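Laboratory data are not the source of any read-out in this text; all were calculated from the coordinates shown. From a predicted model like this one, the values you see are computed outputs, not experimental measurements. Heads up, the Cβs are rebuilt from the backbone with ideal geometry, glycines too, and the neighbour counts pull from every protein chain shown.
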Amino acid sequence: MSKNEQFVRFDKVDKSYDGKVLVVKDLNLDIAEGEFITMLGPSGSGKTTCLMMLAGFETPTNGEIFLETNPISNIPPHKRGIGMVFQNYALFPHMTVYENLAFPLKVRKVPKDEIDKKVDKALAMVSLSEFGQRMPGQLSGGQQQRVAVARALVFDPKVVLMDEPLGALDKNLRESMQYEIKHIHESIGVTVVYVTHDQGEALTMSNRIAVFNDGKVQQLSSPDKLYEEPVNSFVAEFIGENNTFAGEVTDINKNQCKVKLGNGTEILANPIRVKAKGEKTIVSLRPERAIIDPKENMQNKHKGKIEEVIYHGDHTRVRVNMLGNSEFILKVPNSSARMDIKLGNEINIGWDSHDCRALDPK
Amino acid sequence: MSSETKKILTTDGIPLEESLKKSERKNKIKAFLLVAPLLFFLLITYVFPIGEMLFRSIDDRMVSKMLPKTYVAMEKWDGKELPSEEVFEAFYLDYKILVENKTAGKLSTQLNYEKNGFKSVLKKLARKQKKFTEGNYKEQIMAVHKRWRDVDYWRAIKRRAPEYSYSKYLKGIDMYENEDGNIVQVSEDRRIHRILWTRTLEVAFFVTVFCFLMAYPIAYLLATLPMKYSNLLMICVLLPFWTSLLVRTASWMILLQQQGIVNDFFVFTGLVADDNRPEMMYNKTGTYVAMTQILLPFMVLPLYSVMKTISPSLMRAGKSLGGTPFVTFFKIYFPLTIPGIGAGCLLVFILAIGYYITPALVGGASGTLISNQIAFHMKSTLDWSFASAMGLMLLAGVLAVYWVYNKLVGIDNIKLG
């Protein structure tokens, strides 16, 4: 089966609610068939608006959305055949679980015995076979969520949209639901567009992640690339933890640049968004890429003073004052060898210039 | 199991239940003392007067107190022929006291309820009895007026002998107990109460339906519009609610009268000819229009409070699952508003069934309701026991509606907010 790379296509989509502010700006996004794509971003970044436009509850102010090459702006939501899981589940409280699942099939005039079959299958998929006759109010949050997922999938939609579906669940349940949704996606291969502001959720579940900020897609790539190779300082800061140094480029070649920091020290960095000498930059470094007592051949080696030690069970977070940055975070795996990590001690810290990315200044 | 729980002791060895009761007794007393003033207030100003009023509807001791000797004498009378001299004598003696005490008028009013024509013959008797000589009262009384020779009038007196009677209730549905003790309908031209009952039910029903039809869209708008518009709309709904009922009814009179604004408008637009203005007031139309407008907030508010709790994402979910807007509305939105519909309809129906001022002012002859009849008996005929009998029948009707509603929808499904 050849997969359609442009199964869903946002083409130059703009959206404004009040005619003054653009909530979504010039959005171009292709979603492949069978893909699990996540729209990730802080609240107000336009991700939910995009989802609502795709579902048909909002119309694009400009541009067009295509589903399988058909423009859908003029198709009302109930004719789009797109399943949706809502933030607060939106289960019909006056219907049993069975009736909830049967609703999309009934309105499609599916014969009764086929409805029974499909509902049973969908309930089995979310392991709620015994709960068909319960009312939604009698289910726990996690169970309601699974019913909502089953209901969005029961009529075999082309695309399923999920709008922060796990937001109301507690942490443990959220994690197990993440895996469950991921497995369901893998087993039936439906295209999923998932909206969340929880980066952990996005990283765990998605094939690709679109990071939204300020109405624009900042970066669209696979979870690992997004984390390891953020293309700008917003993505670097938004995804995972990040140590930053502000400075100015003093020397640059293809693979390396020299950045002069505020306190006069120069560090070597990987030039991602800087092109010439004299440019302002923010250098970003993941905490786990900086190590204590570096080997001789590391390009960046500096001394820092430990200001705070926070025990986290499997690792220890160490806050170090270094190169004028008192918020420099190190993640140190807990082992008996690291007994010298004490408040006030001076330690040597080093990292590769490749891991330390010179991005755009904010 | 219960025997085991009884055995549970506290650490001091006192049975747990006892200890619990003891520790909560103080709170219970405190709570009772807090509500006690209100309880007494309600007892004195509500339960007692209403109970007293309702008791009047069956209390029939007035006549038997006024004619004590007569009823003792009448005990032996079989009611077939004219009573004996003994009864006439007793009646004369009782009536003499009443005339001396100047309470004879009350008796004539009461007996006149029972049988028309009592008033004049009793008046005549009051005048003539002063010249009565001792003995043979039967002849003397019968000589006063020929009706005293009619056994029906004596039967009518005897019918008032029981201290309690349900005759007022029979009267409320245009029935009465005739001379032979059978319950029969009054003659056809006098069956006014039944017309009023059916009209009251009809008006209450249609006012409820009109209110529902008009309030549902308003409540929907209130619940779904953005805050700044919905607040304005809410004020539009509540403003009439805060205006005096009398003022609102009076304004409807201004609007609806034949030379009123609505009629002027009809003539202006050419809908009706100037000399053929429709009558919209002093008939049922006026009652419908004014009552619907006045009771509308009672439908809007419960509907609104229920609709406000329905998440808009439910409608969205319905549509995204493939339901057309029509199907989504009737399968999802509408069923969820039923508690509000129930509350609103019950409220409006119960208020409408006992409505008084509006029908009295704009209803005219064909638009008055049972409550106007009750008021009429309270104020004009002073037949309070009949008024309270009809009041109790009205209350029974309301309770019956409530019972039916409970069977159909379930009272715990009601939501007022």
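A few remarks follow.
- Residue A:61-residue B:407 pseudo-label distance in nm [points 7 Å out on the Cα-to-Cβ vector]: 6.0 nm
- In the protein assembly as shown, a dipole from Cβ-located charges (positive for Lys and Arg, negative for Asp and Glu) runs towards its positive end, and of B:328, A:141, A:78 it is B:328 whose Cα lies farthest in that direction.
- Note on residue A:292/residue A:255: beta-carbon distance plugged into 1/(1 + (r/R0)^6) with R0 of 25 Å gives a FRET efficiency of 0.45.
- Residues of segment B:134-168 with amide N under 20 Å of the 7 Å Cα→Cβ point at residue B:100: B:134-138, B:141
- DSSP H segments from chain B that extend 18 Å or more along their own axis, Cα-based, with Kyte-Doolittle mean of 0.5 or above: B:192-224, B:227-242, B:284-308, B:334-353, B:384-408
- Antiparallel DSSP beta bridges within segment A:223-347, percent to nearest 5: 100 percent
- Selection from A:55, A:34, A:69, by position along the positive dipole direction of segment A:1-112 (Cβ): A:55
- Cross-link table A:158/A:331; A:47/B:228; B:228/B:284, entries beyond 32 Å C-alpha to C-alpha: A:158/A:331; B:228/B:284
- Over 25 Å apart at the Cα level, from the set B:102/B:124; A:79/A:216; A:12/A:79; A:12/A:277, are A:79/A:216; A:12/A:277.
- Pair residue A:273, residue B:116: separation of 7 Å Cα→Cβ label points (nm): 10.2 nm
- Mean separation of Cα contacts under 8 Å (6+ apart) over length of segment A:8-233, as relative contact order %: 29 percent
- Rounded to 5, percent antiparallel among DSSP beta bridges of chain A: 75 percent
- Residue-averaged beta-carbon neighbours from other chains (10 angstrom radius) around B:308-316: 4
- Between residue A:246 and residue B:334, the C-beta separation translates, for a Förster distance of 51 Å, into a calculated FRET efficiency of about 0.30.
- Summary value for segment A:181-231: 23 percent relative contact order, contacts being C-alpha pairs under 8 angstrom separated by 6+ residues.
- Relative contact order (percent, whole number), segment A:241-359, Cα cutoff 8 Å, 6+ residue spacing: 32 percent
- Charged side chains reduced to their Cβ positions (Lys and Arg at +1, Asp and Glu at -1) give chain A a dipole of some 320 debye around its Cα centre.
- Theoretical FRET efficiency, 1/(1+(r/R0)^6), r = Cβ-Cβ of residue A:28 and residue B:182, R0 56 Å, to 0.05: 0.05
- Order by protection proxy (mean Cβ within 10 Å, highest first), peptides B:150-162, A:77-89, A:306-318, B:277-289: A:77-89, B:277-289, B:150-162, A:306-318
- Note on chain B: dipole from Cβ charges, positive end direction compared against B:200, B:227, B:269; the farthest Cα belongs to B:227.
- Estimated inter-spin distance, residue A:75 and residue B:78, nm [label 7 Å along Cα→Cβ]: 9.6 nm
- Descending by average beta-carbon neighbour count within 10 Å, the peptides A:182-194, A:18-30, B:10-22, B:233-245 line up as A:182-194, A:18-30, B:233-245, B:10-22, the highest first.
- Least to most buried among B:324, B:249 (fewest other Cβ within 10 Å first): B:324, B:249
- Links that overshoot a 27 Å alpha carbon limit, given the list B:69/B:106; A:25/A:254; A:258/A:295; B:106/B:379; B:69/B:119: A:25/A:254
- About its Cα centre, the dipole of segment A:1-74 is roughly 240 debye, where the only charges are +1 on Lys and Arg Cβ and -1 on Asp and Glu Cβ.
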